[in-house]
Structure formats: structure tokens, C-alpha cells
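Single-structure report; data block below.
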Amino acid sequence: MIKPKKSVQQLKPYINGSHSRAIHENHAKIIKLDSNESSVTPSPRVLTTLVQFIQNAPLNWYPDIDSTILVEKLAEYTGLPADFIQTFNGSDNALETICRTFIEPGDEVILCMPTYDHFRVYAESCDARIVPVCGDSPFDSDIPRLLNAVTGRTKMIYMVSPNNPTGLLFSADEIEQILLKTKDVLVIVDEAYFEFCGITAAPLTQKFANLVVTRSFSKAFGLAGLRCGYILTQPDNISSINKIRIGKNINSVAQAAAAAALDDLEYMESYVAEVKEAKTWLVSKLRKKGLTVRDTPANYILLEVAKPQEVQNFLEEQNVFVRDRSFMPQLTGSIRITIGNRLLMERFWKVFEKIPSSCFFTNISRATIQT
Ligand SMILES: Cc1ncc(COP(=O)(O)O)c(C=O)c1O
């Protein structure tokens, strides 16, 4: 065996959600609430475009590495100039490419914890030293503590807004406060769930050269399987990133689908409204059962239970997939549940109701009173 580089030898890998062949083959029977994907297929307009595209486009050629048509539509969607936009093979690929572009071995990278763990892997594989910063509560921002962690070796700050899995949202004012004090640090604001809350740091990219916003077509637009994401940042940063970005990665089919999705914003907006309604319905059901639930401005909630692994296993046996997050700092007992449309959440509830109360509460008598 050839040994990988030291940072990879020592790396704790990211744990993916469910993704087996059996899951894909039996997708109609599966209630997949573990990766914050959309619960519905992309818009009919996207599907029609895809069929026509596959029949007519030169799939034997490499894709447009500048994603010209998609970038034009993204400029309109984001309100930023086209040269502030760069597409990627999913926002994960954007985060990875940003790390490879900017991190020198030994650079410090601040993570606002607990958060999406994939970024840690990209940064560590570039020999970064991770500096986790937790507030007193994982549900409240603590900007002074974050700024306190910045040293002369800090290269990046990674913050997810709304945060996965806590739902913590950073306001544009808070992000500006950070940017003003960290001119030599690249601040990455991951807005994978932007469409669910409408709050963004994107306009700040015009004022601050050290800000990169990342976005995804995998969540509200329902294109997770096609892989498409993008960044918003000043053209100089894009030039640096483009030295190593693999342009051919954003395949022609994904470009066509993402462009068509932007032509049908109504579909995305009506799905977002459905998710909000279903979230309110489910949160109220769970609370009535006496459970502690954290609502978020994104398409997931956090449920606190006594035996998270048992709850996850019970559900999995019934083909329902959720994500145990209890290993994360300050999230003991927490399970993340993706919210889809009302129909799916009603199917989820039917299975959820069968979980024994002993999995939810340490004190059974409390469960008896509450249920
Ligand atoms: C915060 C966050 N960023 C990025 C991603 C990855 O998104 P994409 O599918 O665009 O790579 C996810 C996926 O769950 C996420 O939660």
C-alpha cells in the first residue's frame, strides 16, 4: 500500500448520509430525511429542458467551462455582476477548491461550531490547523468570541448561515462586523440553505474583497443528484480560484438543469412555502408529544431525545432515514430531520409515532404524562 500524505493519514473522514444502491433502487419506498435534499423532483420545466437537451446537445463535447448561460441567469438571480460569479460541481466542490487555492500548511482555519463537517475535511487535507469556536449556546451567535480566536496565522473563517444543523442565522450586520475586523482573512459564508430564509451576505461581496459566499442547487432547487453550486466573490478571488478549478466538472446537463431551474423560480418558491408549512405542522406535533425541538429557518429541524441512536435505528428499519448529530459539540441527544412537503411529513409521522417512549425520555413517567 502506498501511504497517503500525513494530513490524509490522520484525517477523520466525513460521514455521508444514506446513499446505497438499495436506497436508490427502492426510492419510492424510502423516506429520506438525512441529507436535507428536496423531497420533490425538479420543476417540470427543468425535466422538459433536460429531455430536449439530452436529445439535441453535443454530449460528445466537453461542457462550456465558463457556464456562460447559467452565469448570466445567476447574475439576474443574485443581483451581482457576472464576473462576481463562478459555478462548481456542487458547493462542496467550491469549498474544496477554495481550500486548495488559499490554505498554506499550518494556516489556521476557524470553524463556527457545531457545523457542516465536510469543510473541516477539505481544510485538514490542505494541512490547515482547525480552530473550532463554540458560543455558550450553539443556537446563539457570539461574534466577540469568534473575533477573539483570530490570530496572525488565521487564513479563513468558515460560517454556515443558516447553520447546518443548528439553524443559527448570521445577520448581514454581524458578517460585516467580522469582515471589518479581519481584512486579511478569507471569510466564507456558506448559504446552501439561502432560499429557505432569504437572508444573505451576498451584497457585501461588492464592499469586501475578503468575502466568499457559497450557494447550492441541491436544496431548494432539488438538483442534488446533478451537482451544481456557485460562489459569489470579487473577480480577483475568482481569478485565483480559476487557476486550479476544474471547469469541465460542471457537466453540460447540470448547467442546463440549473439554468432551467432559474427560469422557474415560482416552482422553487412554492416548494419553500410547502416546507415551511410542513415544518410548522411537524414541530407542533412533536412539541405536543412533549419533545424538545429546535425549529430552524432552513429545511430541517433538530430533535432532542434520550437515545438518538436507537431512534435512528428504529426509523431505519422502517425505511426512514434521519441523521444522528449527537456526536457534535453541544448537541448531545440531537437528531436532524429534513423537512419535505406535508405529504412526506405525514408519512414520516405515522412511523415516528410507533417509536417507544423510552427512546425519547430517560424518565418514563414523564413520557406517560406527555403522550
Ligand atoms: C452547509 C452545507 N454546505 C454545503 C453542502 C453541500 O452542498 P452541495 O450539494 O451543493 O455540494 C451541504 C449539504 O448538505 C451543506 O449542508
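With contacts taken as Cα pairs under 8 Å and at least 6 residues apart, the chain reaches a relative contact order of 22 percent. Remark: Thr233, Thr154 ranked as Thr154, Thr233, counting other beta-carbon atoms within 10 Å and listing the fewest first.
Relative contact order for the range 44-263: what is it in percent, counting Cα pairs under 8 Å that are at least 6 residues apart? Please list the in-between numbers first.
Working: 396 pairs, mean separation 62.2, N = 220.
Here the relative contact order equals 28 percent.
Quick check: from the Cα gyration tensor, does the range 44-263 come out rounded (a/c under 1.5), prolate or oblate? Prolate is the answer for the range 44-263, as a/c is 1.5 or above and a/b outweighs b/c. Restricting the range 82-148 to chymotrypsin sites (Phe, Trp or Tyr not before Pro) that sit in a DSSP loop and have at most 16 other Cβ atoms within 10 Å of their own Cβ leaves Phe139.
For the chain, what is the percent of antiparallel DSSP beta bridges, rounded to the nearest 5? List each step's numbers first, then the result.
On the way: 18 of 39 bridges.
If we restrict to bridges inside the chain, about 45 percent are antiparallel.
Local charge for Ser252 was computed over the other residues whose Cβ lies under 14 Å away, with Lys and Arg +1 and Asp and Glu -1, and equals 0.
Pairs of Cα atoms nearer than 8 Å and 6+ residues apart set the relative contact order; for the range 86-215 it is 22 percent. Residues whose amide H lies under 5 Å from that of Val131, counting only those 5 or more places away or on a different chain, are Val109, Ile110, Leu111; hydrogens are built 1.01 Å from N in the peptide plane.
Note down the net charge around Asn89, summing +1 for each Lys or Arg and -1 for each Asp or Glu among other residues with Cβ under 10 Å from its Cβ. Provide the component values of the computation, followed by the final result.
On the way: positive: Arg227, Arg245, Lys248; negative: Asp92, Glu96.
Here the charged neighbours net out to +1.
Distances between placed amide hydrogens fall under 5 Å for Tyr300 paired with Ile339, all partners being 5 or more residues away or on another chain.
Values quoted throughout were computed directly from the atomic coordinates according to the rules given, and no laboratory measurement underlies them. Bear in mind that the values here come from a model prediction, so they are computed numbers and not experimental data. With ideal geometry, Cβ positions are generated from the backbone for all residues, glycine too; neighbour counts draw on all protein chains shown.
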